[in-house]
Amino acid sequence: MFSIRTAFILPALLALLVVHVESSFSGGKFEQLFCRNIYKYSIMMLLLCCSCVIITFLIGGGGSYNYDISKMSDLRKLYNSKVYEADRMRRPLEGMTFQVGILSHSGVRVTLADGSQWLVHKGDGFGISTQTVVVAARHMSQDWKKVETKNFRGSKTVSDFVKAGGTDYSLIFDNCHDAAGRMWE
């Protein structure tokens, strides 16, 4: 899982590698060129580190958990409910007013037989035992936009969507876009 600690460790390791490479060369044009630019590289590493931290906060979840369903029997009923229609949804990241490609958040809004709608989406810190969560669609802001619709005709359950989303979150290897894509299959 991508974390703030990782956001600091990766640039530090890269900086150590740069220093090691620099120290293994003695004299010559490479050393002169590199020494002149070492401050530029250090600043670039610092900016990269700050960018990673900002992205982590923008994409990450809140950490406080509110529940639409409090009884285990109702939760089980929801997870076993058949999905008849699904909308692939996308919105800007928290704190942003626009979305560009992967600089956005994805999820799938499912419609059940009773007409109720639920958003299945994934994010860092969204859940406790899994980072793919199900929330009542009434909590969705107006920023969410429908990308496409698919009729599942009851061939999948809410649980199938959650399983497809996966338990762990990784900004690079298993994020909300990856999860929504798997749910869509």
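The values are calculated or read from the model by the stated rules, or taken from the named source; none is laboratory data. Bear in mind the structure is a predicted one, so any value in this text is a computation, not a measurement. When we count neighbours, we look across all protein chains shown, and the Cβ atoms used for this are built from the backbone with ideal geometry, even at glycine.
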For this session: Evaluate region 101-110: report whether one residue or more is over 17 Å from residue 165 (Cβ atoms), surrounded by fewer than 18 Cβ atoms within 10 Å (Cβ to Cβ), touching a strand residue (DSSP E or B) at 6+ places or on another chain (Cβ under 7 Å) and assigned by the TED database to the domain that holds residue 180.
Result: no
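Residue-by-condition table, conditions (1) surrounded by fewer than 17 Cβ atoms within 10 Å (Cβ to Cβ); (2) in contact (Cβ under 8 Å) with a residue 24 or more places away in the chain; (3) over 18 Å from residue 69 (Cβ atoms):
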position: 115; (1), (2), (3): yes, no, no
position: 120; (1), (2), (3): no, yes, no
position: 132; (1), (2), (3): no, yes, no
position: 138; (1), (2), (3): yes, no, no
position: 141; (1), (2), (3): yes, yes, yes
position: 145; (1), (2), (3): yes, yes, yes
position: 149; (1), (2), (3): yes, yes, yes
position: 157; (1), (2), (3): no, yes, no
position: 177; (1), (2), (3): yes, yes, yes
For this session: Among the residues of region 153-168, write down those that are under 18 Å from residue 77 (Cβ atoms) and assigned to a strand (DSSP E or B).
Result: 154, 156, 157
